[in-house]
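S.K.: There's a structure below that I have some questions on.
What follows draws every value from the coordinates through simple rules; no lab data is involved. Predicted model only: the values in this text are computed from it and were never measured. Backbone-built Cβ (ideal geometry, glycine too); neighbour counts: all protein chains shown.
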Number of protein chains: 2
Amino acid sequence: MATLIDGKELAKSIREKLKQEIIDLAQKYPGFRPHLAIIQVGLREDSTVYVKQKERAANEIGIEITLHKKDSTISQNELLNAVNELNNNPSVHGLLVQLPLPEHIDEKVITEAVDPNKDVDGFHVYNIGNLAKRHNTPTFLPCTPKGIIEMLKFIGVEIAGRRAVVVGRSDIVGFPMFMLLTRADATVTLCHSKTQDLPEILKTADILVVAIGKPEFIKGEWIKPGAVVIDVGTNAIEDNSRVSGVRWVGDVDFVSASNVASYITPVPGGVGPMTVAMLLDNTVQSAKKFWSID
Amino acid sequence: MATLIDGKELAKSIREKLKQEIIDLAQKYPGFRPHLAIIQVGLREDSTVYVKQKERAANEIGIEITLHKKDSTISQNELLNAVNELNNNPSVHGLLVQLPLPEHIDEKVITEAVDPNKDVDGFHVYNIGNLAKRHNTPTFLPCTPKGIIEMLKFIGVEIAGRRAVVVGRSDIVGFPMFMLLTRADATVTLCHSKTQDLPEILKTADILVVAIGKPEFIKGEWIKPGAVVIDVGTNAIEDNSRVSGVRWVGDVDFVSASNVASYITPVPGGVGPMTVAMLLDNTVQSAKKFWSID
């Protein structure tokens, strides 16, 4: 049976370290307080849940968080103005615009409008370009893949020279995950919706990261015995035995995968909490940079 | 026996098309003339050869080319000034700084100083970031991988759904090649110096691109029968039977690979001429953009 990678517990210990770091720095540098600004457009229920998680976690560790709620009818230009205002506010160290945005707004334009030096989500083309260029250093790494690397370090798995497979080629997870594993000297195959013979390719993976949004799609029999399995998916499926009527599952069929993997992340409680912890970490690092603290 | 992919011939036909396009556009838009500026620092013999190739090819098709030679003792600031001057010169549509630069100059700083809208090499972090973000469109694609995609289109090989292996993870070839093949819906594995079991991985490749600078390193018996083999390497090896004392070979052992591949690029006369043709293409496309020609 695979060992669970407890993302909740690991994220908690990271948050505690960050909390102490903020306390220590505030003593040494009076007035030091990392500040994360979030713009939320509209009232999407899932966005509200995610924003609340970030708010709670930030507050808990002493990061100032300001939430800027905008009506879903806001024009692109008005939203750009709101972004620019926070870009220009020297007390703000991290700025993110909660995605997705309403259809009349071009997400690309808004994402690129965020000051790359406050882009704690790590989505700006400038940060992604610096991630893609091997000898450059991005100011921020996208939170989910950054959190996954932390998990791999935590369990002590060797990455260099190992085979890795990333399933899903999103800008937010799949692609930056590919880059981070390649930078760590793994040999990585990037799979996606057009990939043929996925099971055969998965069999080569010492490290498998799945981020496709398809409930329980990856079967245990496709996985190489002893592989480390990181499941980024969080999918609601109907479950009448629950009061809520749903339960959350990953992209990996947990039961069958647990029988072959050496390590596996649960859903929920695996990757999710790490993503939030890395957002906090990016915000603290950004504040230190603004304060010229090494 | 593999069919040769004649990059020299294909590049020639692309240059002829570009030449005609420039003639036609100059008739329609009096004064239209694409202009490529090259900065060369120092007197490296190989750089001089490459710059001459570009000069000759540009002149031949009606692109204006200006060569700005700088002493190898130029300071980084002086070089930055030279770059900025050409950035600000509205008659210049394409600007490249021939690499490598002398050791006292930070190549990263110089590469990022080039206006992304004139970056016909496609090396700027902004262009690489837009290449890495799946739904963005880079203003320019790096010339070598762009030329390789043209070759694959020319021979009519299907890319979508096929397995591809790229060996070498340079910013200039390996990484952007990985991205372009993934964008074309291939399933790509990126191999490098830390990859173990390279022969086993190569056996999965319907399309194999090698850019590692190791003479005749890849053996025919590692290659999947029927694969398309693209050899980016150009390595000089000693050959006393030649007047020059050297001959040029690729990263692939041509003789043994020809016996198993369906298509293969020769060295020289394969990828090299395509790279130069794509530089010209980028320059013409840039001039059209400056003239707001669709």
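S.K.: Going by amide H atoms built from the backbone, whose H comes under 5 Å of the H on B:ILE39, apart from near neighbours?
M.R.: B:HIS68, B:LEU96, B:VAL97, B:GLN98
S.K.: Can you tell which of A:LEU131, A:LEU80, A:LEU279 shows the greatest fluctuation in a Gaussian network model of chain A with Cα springs below 10 Å?
M.R.: Of the options given, A:LEU80 has the highest mean-square fluctuation.
S.K.: Still on this structure: Measuring from a point 7 Å out along Cα→Cβ, what nm distances, shortest first, does A:LYS214 have to its partners in the other copies?
M.R.: 3.5
S.K.: If you take the C-alpha gyration tensor of the protein assembly as shown, multiply each eigenvalue by 5 and take the square root, what semi-axes do you get, largest first, in whole Å?
M.R.: Details: eigenvalues 367, 202, 96 Å².
Semi-axes, largest first: 43, 32, 22 Å.
S.K.: Any idea what the relative contact order of chain B is, in percent, if you count C-alpha pairs under 8 Å spaced at least 6 apart?
M.R.: Computed value for chain B: 22 percent relative contact order.
S.K.: When the dipole is taken about the Cα centre of the stretch A:93-197, and only Lys, Arg (+1) and Asp, Glu (-1) are charged at their Cβ, what size is it in debye, to the nearest 20?
M.R.: 480
S.K.: Quick one: P(r) of the stretch A:83-165 from all Cα-Cα pairs, 10 Å bins, percents rounded to integers, in order of increasing distance.
M.R.: Calculated over all Cα pairs of the stretch A:83-165, the distribution is 16, 38, 30, 13, 3 percent.
S.K.: Is there a quick way to get the dipole size of the stretch A:143-272? I mean about its Cα centre, with the Cβ of Lys and Arg at +1 and of Asp and Glu at -1; what is the value in debye to the nearest 20?
M.R.: Dipole size: approximately 200 debye.
S.K.: If you average the alpha carbon positions of the stretch B:213-242 and of the stretch B:12-33, how far apart do those two centres end up, in angstrom?
M.R.: 37
S.K.: Given Cβ point charges of +1 (Lys, Arg) and -1 (Asp, Glu) and nothing else, what value in debye, to the nearest 20, does the dipole of chain A about its Cα centre take?
M.R.: 540
S.K.: For chain A, return all DSSP H helices satisfying: extent of Cα atoms along own axis at least 27 Å; mean Kyte-Doolittle hydropathy at least 0.0.
M.R.: A:271-290
S.K.: Sticking with this structure for a sec: Regarding the stretch A:143-272, what whole-number volume in Å³ per residue does the convex hull of its Cα atoms give?
M.R.: Looking at the stretch A:143-272, the number lands at 103 Å³ per residue.
S.K.: Which listed residue (A:ALA57, A:VAL41, A:VAL92) has the Cα farthest towards the positive end of the charge dipole for the stretch A:31-115, taking +1 on Lys and Arg C-beta and -1 on Asp and Glu C-beta about the Cα centre?
M.R.: Positive-end residue among those listed: A:ALA57.
S.K.: Kindly put A:PHE254, B:PHE178, A:PHE175 in sequence by how many other C-beta atoms sit within 10 Å of each C-beta, fewest to most. All intermediate terms of the calculation are to be shown ahead of the outcome.
M.R.: Working: A:PHE254 20, B:PHE178 29, A:PHE175 24.
Going from least to most buried by this count: A:PHE254, A:PHE175, B:PHE178.
S.K.: For the stretch B:259-294 and the stretch B:115-171, write down the distance between their C-alpha centroids in whole Å.
M.R.: Between the Cα centre of the stretch B:259-294 and that of the stretch B:115-171, the gap is 11 Å.
S.K.: Hey, for A:ASN88 with labels 7 Å out along Cα-Cβ, what do the inter-copy distances come to in nm, ordered shortest first?
M.R.: 2.5
S.K.: Taking B:LYS70 as the anchor, which aspartates and glutamates have their alpha carbon closer than 12 Å to its alpha carbon, excluding any fewer than eight residues away along the same chain?
M.R.: Output for B:LYS70: B:GLU78.
S.K.: With only alpha-carbon atoms in the gyration tensor, what are the semi-axes of the equivalent ellipsoid for the stretch A:31-115, in Å, largest first?
M.R.: Details: eigenvalues 94, 53, 15 Å².
With the √(5λ) rule applied to the stretch A:31-115, the semi-axes are 22, 16, 9 Å.
S.K.: Between copies, how far does the label point of A:SER292 sit from its twins, in nm, shortest first, when each point is 7 Å from Cα along Cα→Cβ?
M.R.: With the label placed 7 Å along Cα→Cβ, A:SER292 yields 4.5 nm.
S.K.: Considering the rotational relationship between chains B and A, which residue of chain B contributes the beta-carbon of minimal distance to the axis, and what is that distance to the nearest Å?
M.R.: Whole-Å result, nearest residue of chain B to the axis: B:GLY129, 1.
S.K.: Give the Rg (one decimal place) followed by the Dmax (whole number) of the stretch B:19-166, computed from C-alpha coordinates and expressed in Å.
M.R.: 17.2, 50
S.K.: Considering only A:ASP206, A:ASP281, A:ASP71, give the residue with the highest GNM mean-square fluctuation for chain A, with springs between Cα atoms whenever their separation is below 10 Å.
M.R.: Judging by the Gaussian network model, the answer is A:ASP71.
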